[in-house]
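Heads up: the structure comes next, in structure tokens.
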Amino acid sequence: MIKVKLPSAYQKLAASHHIELNGMTNVRHLLSVLCERFPQLTDELLDSAGQPELNLLISINGEPLSNLQGWDTNLMDGDEVDLYLLLAGG
Amino acid sequence: MLRLIDRDIVEEHNLSTQMLYDECDVSDVVPKSIAAARHLSAINSNSTFEAQAAELTPANAAKLLGGVDLILDATDNFEARFLINDVALSLDIPWIYTGALAYTGLCMPIIPGKTACLRCLMEEPPEAGKLPTCENVGVWLPMVQAIVAVGTTYALRMLTGQPSEIALHELDFQTWQWRKVQVARRVDCPACEQRNFKFLQGQTGMQATKLCGRDMVHLSPEMEVHINLRVLANKLAADLLVKVSEDLLQLHLPEAEIYLFPDGRAFVKGISDTTRARALYNRYISS
Ligand SMILES: [Zn+2]
């Protein structure tokens, strides 16, 4: 089982602080499952070309994707995935 | 010395969230940087505050941000932050990213050569119009204060040489979460590794921006210019002129008000059409 924590903007949409998902192979798979389960998140997670949104930062067990294999990073049972949304406001 | 850079003038709707201004600044149409410097000097007359009523552009960024120990980001858009990132890396000056929206705030210090930079986190700015802004979802004032407290704590520790754990912090007042992640540098980062500073080298035309939610257009000239506002005022018809000082010239036209700064920037208030705003600018100011 994978534990996923969404940024608060998403939590409102998903109506849940933490999400637990089974059978995720990699981060790209996780994103597509999140979009299926919470269709209203699709526009936040993916850009118009269907790629992960540029201001979406993901860490796995505290390690950012840029240190791992990016969107193709494999997920294992017990992994904790944190999603951060970089904000432009101020 | 604290150098304050801002392109805006103080408006009534700023007073509830921006604590350095008062109603006199609104009625006197004072540029924000000048108002902020005045209020801060009144609190501490021993410190030096330098006001720069200017828009940060690729043409002036190295001059405006150079010669300091630390750059604090209090901007409201990614365009400015990608420019700050390029300047900070090229001049080897640390900077602190802070952002807030609704009930969420984010903060991360960026130390050239040591930590991840903005483009390690995010290679390019997102598509225009994609992200929510403070104009359409608002910002919760206590969250601004909370995330600024994180940023100033980092700033004071860095300026006094105390070591800090560098991380991206996310605070949220809806879920009461404080999360952080240490972001490593990207081995192929175009900015901090390859030193491609495309936002700093970017060309700017005469930028015309319609300000969200208001009948106002902001105009910013292509090249760095300096206009002597008093000399210009003498050339304009007296009945158009509302006021002139060294910092600001205000014109009252039948269809709009123009507020012009010495660096050639202007706000055209009362219309939302950028082409019309450019036309008025060209007719009264740049011809
Ligand atoms: Zn970088």
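Surrounded by fewer than 21 Cβ atoms within 10 Å (Cβ to Cβ) and either outside any helix (DSSP H, G or I) or touching a Gly at 6+ places or on another chain (Cβ under 9 Å) (or both), is that true of B:Glu55?
The answer is no for B:Glu55.
Being β-branched (Val, Ile, Thr), under 20 Å from B:Ser245 (Cα atoms) and out of contact with any strand residue (DSSP E or B) (no Cβ under 8 Å at 6 or more places or on another chain) is the filter here, so list the residues in region B:23-54 that pass it. Walk me through it before giving the result.
First, the residues of region B:23-54 that are β-branched (Val, Ile, Thr): B:26, B:29-30, B:34, B:43, B:48.
Then keep just the ones that are under 20 Å from B:Ser245 (Cα atoms); that gives B:26, B:29-30, B:34.
The answer is B:Val26, and nothing else.
Give me a count of the residues in region A:40-90 that are closer than 21 Å to B:Ala102 by Cβ, open to solvent by 50 Å² or more (accessible area, probe 1.4 Å), within 11 Å of chain B (Cβ to nearest Cβ) and in contact (Cβ under 8 Å) with a residue 12 or more places away in the chain.
The qualifying residues number 1.
Can you pull out the residues in region B:225-251 that are of a type in the set (D, E, K, R) and surrounded by 13 or more Cβ atoms within 10 Å (Cβ to Cβ)?
B:Lys243, B:Asp247
Where in region B:73-182 are there helices (runs of 4 or more DSSP H), lying wholly inside it, with at least 3 residues that are within 16 Å of the ligand (Cβ to nearest atom) and out of contact with any helix residue (DSSP H, G or I) (no Cβ under 9 Å at 6 or more places or on another chain)?
Once the helices (runs of 4 or more DSSP H) in region B:73-182 are filtered for at least 3 residues that are within 16 Å of the ligand (Cβ to nearest atom) and out of contact with any helix residue (DSSP H, G or I) (no Cβ under 9 Å at 6 or more places or on another chain), nothing remains.
Taking region B:140-152 as the region of interest, how many residues are touching a residue at least 60 places away in the same chain (Cβ under 8 Å) and open to solvent by less than 20 Å² (accessible area, probe 1.4 Å)?
Residues that pass the stated criteria total 1.
Which number in (1) open to solvent by less than 30 Å² (accessible area, probe 1.4 Å); (2) in a loop (DSSP other than H, G, I, E, B) marks the one condition that B:Arg195 misses?
(1)
I need every pair where a residue in region B:153-170 that is more than 14 Å from chain A (Cβ to nearest Cβ) and among the small types (Gly, Ala, Ser) has its Cβ under 9 Å from the Cβ of a residue that is part of a helix (DSSP H, G or I) and open to solvent by less than 90 Å² (accessible area, probe 1.4 Å), sequence separation at least 6 or different chains.
Close Cβ pairs satisfying both conditions: B:Ser164/B:Thr153; B:Ser164/B:Tyr154; B:Ser164/B:Arg157; B:Ser164/B:Met158.
So B:Met216 passes all but one of these: (1) within 14 Å of chain A (Cβ to nearest Cβ); (2) more than 16 Å from the ligand (Cβ to nearest atom); (3) touching a Gly at 6+ places or on another chain (Cβ under 9 Å). Which condition number does it fail?
B:Met216 satisfies all of (1) within 14 Å of chain A (Cβ to nearest Cβ); (2) more than 16 Å from the ligand (Cβ to nearest atom); (3) touching a Gly at 6+ places or on another chain (Cβ under 9 Å) except (1).
Checking the structure you have, find out if any residue of region A:1-15 is in contact with a helix residue (DSSP H, G or I) (Cβ under 8 Å, 6 or more places away or on another chain) and modelled with pLDDT of 90 or more.
Checked region A:1-15: at least one residue is in contact with a helix residue (DSSP H, G or I) (Cβ under 8 Å, 6 or more places away or on another chain) and modelled with pLDDT of 90 or more.
The values are calculated or read from the model by the stated rules, or taken from the named source; none is laboratory data. Just so you know, these numbers come straight off a predicted model, no measurement behind them. Cβ atoms come from the backbone with ideal geometry, glycine included; neighbour counts cover every protein chain shown. For the accessible areas, the whole protein counts, side chains as well, though only heavy atoms, and no ligand, DNA or RNA atoms are used. Shrake-Rupley method; radii C 1.70, N 1.55, O 1.52, S 1.80 Å.
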